[in-house]
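The values are calculated or read from the model by the stated rules, or taken from the named source; none is laboratory data. Since this is a predicted model, take the numbers as computed values, not measurements. FYI the Cβ positions are ideal-geometry reconstructions off the backbone, even for glycines, and counts take in every protein chain you see. Quick note on the areas: whole protein, heavy atoms, side chains included, nothing else; ligands and nucleic acids left out. Shrake-Rupley method; radii C 1.70, N 1.55, O 1.52, S 1.80 Å.
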Protein chains: 2
Amino acid sequence: MRLSRYFLPILKETPKEAEIVSHRLMLRAGMVRQQAAGIYAWLPLGKRVLDKVCDVIREEQNRSGAIEMMMPTIQSADLWRESGRYDDYGKEMLRIQDRHERDLLFGPTNEEMITDIFRSYVRSYKDLPLNLYHIQWKFRDEVRPRFGVMRSREFLMKDAYSFDLDYEAAKVAYDRMFVAYLRTFQRLGLKAIPMRADTGPIGGELSHEFIILASTGESEVFCHRDFLDMTVPGEGVDFGDGAGLADIVRAWTTPYAATEEMHDTAAFDAIPEGDRVAARGIEVGHIFHFGTKYSEPMGASVTGPDGRETPVFMGSYGIGPSRLIAAIIEASHDENGIRWPASIAPFRVGLVNMKPGDADCDAVCERLYAELEAAGLDTLYDDEDTRAGAKFATMDLIGLPTQVIIGPRGAKSGEAEIKDRMTGERQTMPIDDVVRLLSAA
Amino acid sequence: MRLSRYFLPILKETPKEAEIVSHRLMLRAGMVRQQAAGIYAWLPLGKRVLDKVCDVIREEQNRSGAIEMMMPTIQSADLWRESGRYDDYGKEMLRIQDRHERDLLFGPTNEEMITDIFRSYVRSYKDLPLNLYHIQWKFRDEVRPRFGVMRSREFLMKDAYSFDLDYEAAKVAYDRMFVAYLRTFQRLGLKAIPMRADTGPIGGELSHEFIILASTGESEVFCHRDFLDMTVPGEGVDFGDGAGLADIVRAWTTPYAATEEMHDTAAFDAIPEGDRVAARGIEVGHIFHFGTKYSEPMGASVTGPDGRETPVFMGSYGIGPSRLIAAIIEASHDENGIRWPASIAPFRVGLVNMKPGDADCDAVCERLYAELEAAGLDTLYDDEDTRAGAKFATMDLIGLPTQVIIGPRGAKSGEAEIKDRMTGERQTMPIDDVVRLLSAA
């Protein structure tokens, strides 16, 4: 993409309303714009990151056997009356009446709807296990939305729902998602720690929050230092091997880790002092097993191998891609701006033409731009006639992993300057080697 | 994808509520399910088609220079008060109050919001032309939603918005989208005819609807037979060449074509009788130039080369991917089910194992399944132990372009039966040739 034809509204001033660094950087880098309290438009740069985060989530959901679908944003209130949550949910639910005065709502989550879909089609245990997910906008009418997309009212959520015949099978489904989540966060460049968590309005007894440590975290968390060095399963992990998955989950849930609500001071104090980590954390995922909480009142049951009808055991599994992006920035930035992990960077390469209009610079940059794109390296080509300082500041702010800088002297002598945004390292190399080197990285 | 692990709830009975063939087939093929009046969940098969349709639309939008972003579904009523449309829009607008009793609405379209975004960042003609689009769920509270996703209340829409300094530049932007739309519909397997159209609540003077001819169309349309043989521009069309685009648009707007509201009986009767086409049509896209209708009241202006501030000239350009899918089915089906164009088929190949459990059949099918997927041919592998008639009926119903059928005799002798769903042709060929032949197709 040529910057001269792109829409990248960089802000020079730090917006006053932004209290945390991710919010400030997302506004300054032209990623999002607030349209109403807690409601954001994703500008082109932000949209690219959102798509890449969703792609990683989707790949790992699919790998674990979950199947993608798409539920609507607007739901009928009647479904929520069946489960009993219509009144429970309180003012966070955005309630709506249509022109015929029927009660609707903007879905804050989809347990009721997916249970309704399940019961209308599935009759036999032979169709289990089943895990259906979608990535769709949700709305929760927070009293005080803040921190940008970290705590917004309209937000994107990947929510998966598992259906199994009994608790044992449901536990395997839970473990599958647990491992998929470990892999997802690792690929997004995050060290996420699963912590026993309160189940809140979703309900159920078994639940983990995935938390990343960040000084701007919303809550206090406590865990064993061992977590910081644990190895996440590779992409060859066998999602069909229940025992193997259970081993992984056991290893990841044995050391102490808890959020503030679930904190057990005595257990924490039993850890050697040097291994105790008390820090602030950001929740980036939350998984629940809640058995028959919805299937029973809503009549979602299957015939088992013994011919008897039983309500299915269910779990739900959420990740918020929009808030995740803020969390990634909290975990990966410096005083100059964002530092994107390559897996979700809006562009892989920023190509900087230091002197547009100079015949050598233009020729080298045009050639590199074409070659980088042809090699599958998404490139943002700064072809604008602005001063050097502004060019560098913008590239650092938007945080593309690699900057390729072409000045008049280098263009003549055949040399490019390469800057790695994550490490800050700079090196000079022959222009002819640039594409090959970056393709191999 | 293995059918045994997929979620494909085929209905055996034709649902009574479905009045048109696309609605019947989408319900029977397990593509969608109604969750409330005019509100649909997209089941896994439907979601795959929706994604593919969006990919084609996105590619052609990007090719023409439009830039993708994402606006929220919920909008502030204040923006619509600024443009004067809050009261005009009537009961089709879903109006909402949040917990603080602020007036919100579920966006039926985004002219106001994009104008607000534009005015907050863009100051100079140097940043023009600009065309921003998003693909987002919309809601229009139809009195009587019907025909499935053809006229639903919650629906997906690609809406693009162009900004230019004056009418001449805005006309080029309009022509760019006009040509992008011709290409998009062609790639989706549709013959779409641009017709002069009424501008309705969007406003403006220049507007075309893209209409496909189908006996179940909602309105009567009239055009010259010449349209049926016109050539759509190839992917090499130069979107930077305003004069070239204008020539294409002129060619596509010179023969008579009009919807019922814009019909001119005298002009139509002047066409030689054999060249008159009076038929029913389905609107699949609608483009508008409306000048300064929103930019003027909302103060979206730029400084021109002469230093004077002028309100920008705008257009908007909509395609509904969800309704488009129904239109494609109306145009491409037979008595047994859907016939997908390959560009948007949910899977490219349906692999049918006639006798799961038979060692030869299983071995051949497993190998073919792996090879088809490795060749980039999305495959739905029917590995279920059901009777032959049901297998064939399902494959015809869901309409995958190619069926590869492996029975015990063929598995032994090394032969596969191939069925082309569009033509109905069947042929037998060596199993070893299947992947190569389908890859080349």
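Only helices enter the 222 nm calculation for the protein assembly as shown: every DSSP H run of n ≥ 4 contributes -39,500 (n - 2.57), and dividing by all residues gives -9500 deg cm²/dmol, rounded to 500.
Rg then Dmax, both in Å and based on the Cα atoms of segment B:335-387: 12.5, 35.
Compared with the dominant principal axis of the Cα atoms in chain A, helix A:44-63 is inclined by about 50°. Binning all Cα-Cα separations of segment B:27-171 at 5 Å, short to long from zero, yields these whole-percent fractions: 2, 8, 15, 17, 18, 16, 13, 7, 3, 1, 0. Comparing B:38, B:304, B:65 in a Gaussian network model of chain B, where Cα atoms under 10 Å apart are tied by springs, the biggest mean-square fluctuation is seen for B:304. When Rg and the Kirkwood Rh are both derived from Cα coordinates, the Rg/Rh ratio for chain A amounts to 1.02. Qualifying trypsin sites (Lys or Arg not before Pro) in segment B:389-437, where qualification requires a DSSP coil assignment and no more than 10 other C-beta atoms within 10 Å, are lacking entirely.
Principal-axis analysis of the Cα atoms of chain B puts helix B:388-398 at an angle of about 10° to the longest axis.
Against the main long axis of the alpha-carbon atoms of chain B, helix B:167-187 sits at an angle near 10°. Rolling a 1.4 Å probe over the protein chains gives residue A:78 an accessible area of about 90 Å².
Using a Cα-Cα cut-off of under 16 Å, which aspartates and glutamates could be cross-linked to residue B:91, ignoring same-chain neighbours fewer than 8 residues away? Result set, ordered by chain and number: A:98, A:101, A:103, B:103, B:141, B:142, B:154. With its label point defined 7 Å out from Cα along the Cα-to-Cβ axis, residue B:228 lies at 7.5 nm from the matching points of the other copies, in increasing order.
Seen from every direction in turn and averaged, the convex hull around the alpha carbons of segment B:294-362 projects onto 10.5 nm². Sorted shortest first, the separations between the residue A:123 label point and its copies elsewhere in the assembly read 6.9 nm; each point sits 7 Å from Cα along the Cα-to-Cβ line. Over the protein assembly as shown, what number does the Rg to Rh ratio reach, with both radii from the alpha-carbon atoms and Rh per Kirkwood? Across the protein assembly as shown, the Cα-based Rg/Rh ratio is 0.96. Label-point spacing for residue B:413 across the identical copies (point 7 Å from Cα in the Cβ direction), in nm and ascending order: 7.4.
Anything over 24 Å Cα to Cα? Flag those among A:12/A:412; A:138/A:293; A:52/A:191; A:47/A:391; A:138/A:171; A:126/B:419, in the order listed. Cα-Cα > 24 Å for A:12/A:412; A:138/A:171; A:126/B:419; rest within. Computing Rg and the Kirkwood Rh from the Cα coordinates of segment B:328-441 gives a ratio, Rg/Rh, of 0.95.
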